[in-house]
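Okay, structure first, notes after.
The values are calculated or read from the model by the stated rules, or taken from the named source; none is laboratory data. Being a predicted model, the structure only gives us computed values, none of them experimental. Heads up, the Cβs are rebuilt from the backbone with ideal geometry, glycines too, and the neighbour counts pull from every protein chain shown.
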Amino acid sequence: MNQFIQTLIDRRVALITALWQHIEISLIALLIAMLIAIPLAIWATRHQRVAAVLLQVAGVLQTIPSLALLGLLIPIVGIGAVPAVIALVIYALLPIFQSTYIGIDEIDPSIEEAATAFGMSRTRKLVRVELPIAAPVIISGIRQAMVMIIGTATLAALIGAGGLGTFILLGIDRNNTTLTVIGALGSALLAIVLSWVIMRLQKVSLKRLVIGGLVILLGFGAAGVVNLVRQPQRQLVIAGKLGSEPDILIHMYQDLIEQDNPRVKVTLKPNFGKTSFLFNALRHDQVDIYPEFSGTVLESLLQKPVNDKGLTAQQTYQKAATALKQQDDLTYLKPMAYNNTFALAIRSQDAKQWDVHDISELKQVENQLKPGMTLEFIDRPDGLPGINQRYGLHLSAQSMEPTLRYDAIHTGKVNLVDAYSTDSQLRQYHLTVLKDNRHFFPTYQGAPLMKASLAKQYPGVVKSLNKLAGRITEKQMQEMNYEVNVKHQSSASVAKRYLVANHLLKAGDR
């Protein structure tokens, strides 16, 4: 409990910001969904055949996996709050449409006839009779949609929209239960509070509800315009994938850029989940810079396959840089020293018991293996499929979230995992990394990736980022990851300490 309270105190500013972002995204999505679904449902009560089709369409939209929907929206509308709101609106349509339709359609026909007998027009009958009677059912649907929106909005953190999902993702990635609980508990409490508020709105007149909703929507819109106007003209957005290592790197980028280029303001967007999210965001000008690995470029980001087998680290980088320039007019700056390649790891006691030290030696204990691996590794050609082919193995793995696979091998639920060579958990859990004795895994050297036009516009930024070229060893990177994930130090402080110790940043800066 003491740790929970201390974390709340230490991260109170970040928590308030995340809470506000979550409320903003959720309320805007709910209001837009209401403006679409309620009028459409009212119209559908007069067109029964169309109503059945609309219900089916809304139901199908709700079954689309949220991550898939976000991935589809990024190339169209970019990253941030916009795709998050669109996705949440899509999920909220069904409960609001369905409750409105049912609430009006099931009104006693004798009441409808009485209203007509009194000479009420269709609009007057709707406002004075139908909507007040159907209000409890409609509000029930709105409450259901609100709860669904708040829960799903946690995924907005994956595309730079912030919210309480930031705490959940950080907690999972850094094996920090307290952060996960704060994010989950905050989301649950927010759902309860807003659900109660909506329930109380049953006593408010329809006219006031409509006016209040429009005022809230306009208020959020005005706040967005003000924030846009306040942004400095020369602002760079630097993003990073999910994990401590990208977070450390982007803080290094920020420190170096702002030290050497006082007129340039940097905004960080950490903890993007997928490589494809970030790459599409860069190509569509939603982010300006992010750290990418040379092996990932050749294996996952190029439209035309490139044979990277047997290449040296320098050759891998040069092929990646040349291909990115030709394909998307991107500039790939000079790489750092360390090679954060894929690896396979087992427990040290298993390595001794089985006398296994190379990947090829797994063949002799294949029937004893219980692999747990990330979905990305299971799917990538330079991951499990390629390993099976190169080493003559027939492994199939249970897919796991990156951090959870380490917990699983530590507790003995699995006994073989994929890893990155700089992962702090290799040290934390005393795992043995198996030698890639047939040289299957390509080289993965990290370097800043940006559009060529940006590199030309900001030569000072390029010069600053190139200070990291040829620096940071595997051991240093693993130690920095250990400080963040295990010692729970902030990525910003770890990044700054490295830069100062290596005379790249003045001790008094930032």
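Summary table
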{"item": "Selected residue (only one of 103, 59, 71 is touching a Gly at 6+ places or on another chain (Cβ under 9 Å) and not in a loop (DSSP other than H, G, I, E, B))", "result": "103"}
{"item": "Residue count for segment 78-112, restricted to those that are at pLDDT 80 or above and more than 28 Å from residue 198 (Cβ to Cβ)", "result": "2"}
{"item": "In segment 399-409, the residues that are touching a helix residue (DSSP H, G or I) at 6+ places or on another chain (Cβ under 8 Å) and modelled with pLDDT of 90 or more", "result": "399, 406"}
{"item": "Failed item in (1) assigned to a helix (DSSP H, G or I); (2) surrounded by fewer than 22 Cβ atoms within 10 Å (Cβ to Cβ); (3) of a type in the set (Gly, Ala, Ser); (4) modelled with pLDDT under 95, with residue 343 passing the rest", "result": "(1)"}
{"item": "Matching residues in segment 74-99 - criterion: being among the hydrophobic types (A, V, I, L, M, F, W, C) and not in a helix (DSSP H, G or I)", "result": "79"}
{"item": "Which numbered condition residue 406 fails, given (1) buried (at least 21 other Cβ atoms within 10 Å of the Cβ); (2) in a loop (DSSP other than H, G, I, E, B)", "result": "(2)"}
{"item": "Pairs where the first residue, in segment 162-182, is under 27 Å from residue 82 (Cβ atoms) and the second is at pLDDT below 85 and acidic (Asp, Glu), C-beta under 8 Å, 6+ apart", "result": "172/401"}
{"item": "Residues (in a strand (DSSP E or B) and either of a type in the set (Val, Ile, Thr) or within 26 Å of the chain's Cα centre (by Cα) (or both)) located in segment 426-461", "result": "432, 433, 445, 446, 447, 448, 449, 450, 451"}
{"item": "Residue that is of a type in the set (A, V, I, L, M) and under 30 Å from residue 73 (Cα atoms), where the choices are 90, 107, 111", "result": "90"}
{"item": "Residue check for residue 170: touching a Leu at 6+ places or on another chain (Cβ under 9 Å) and either part of a helix (DSSP H, G or I) or of a type in the set (Lys, Arg) (or both)", "result": "yes"}
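Let's see how each residue does on (1) assigned to a strand (DSSP E or B); (2) farther than 30 Å from residue 490 by Cα; (3) hydroxyl-bearing (Ser, Thr, Tyr):
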residue: 269; (1), (2), (3): yes, no, no
residue: 287; (1), (2), (3): no, no, no
residue: 295; (1), (2), (3): no, no, no
residue: 304; (1), (2), (3): no, yes, no
residue: 307; (1), (2), (3): no, yes, no
residue: 322; (1), (2), (3): no, yes, yes
residue: 325; (1), (2), (3): no, yes, no
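Each row is one residue, and each column tells you yes or no for (1) modelled with pLDDT of 85 or more; (2) touching a Gly at 6+ places or on another chain (Cβ under 9 Å).
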{"site": "220", "(1), (2)": "no, no"}
{"site": "224", "(1), (2)": "no, no"}
{"site": "231", "(1), (2)": "no, no"}
{"site": "240", "(1), (2)": "yes, no"}
{"site": "244", "(1), (2)": "yes, no"}
{"site": "256", "(1), (2)": "yes, no"}
{"site": "271", "(1), (2)": "no, yes"}
{"site": "277", "(1), (2)": "no, yes"}
{"site": "297", "(1), (2)": "yes, no"}
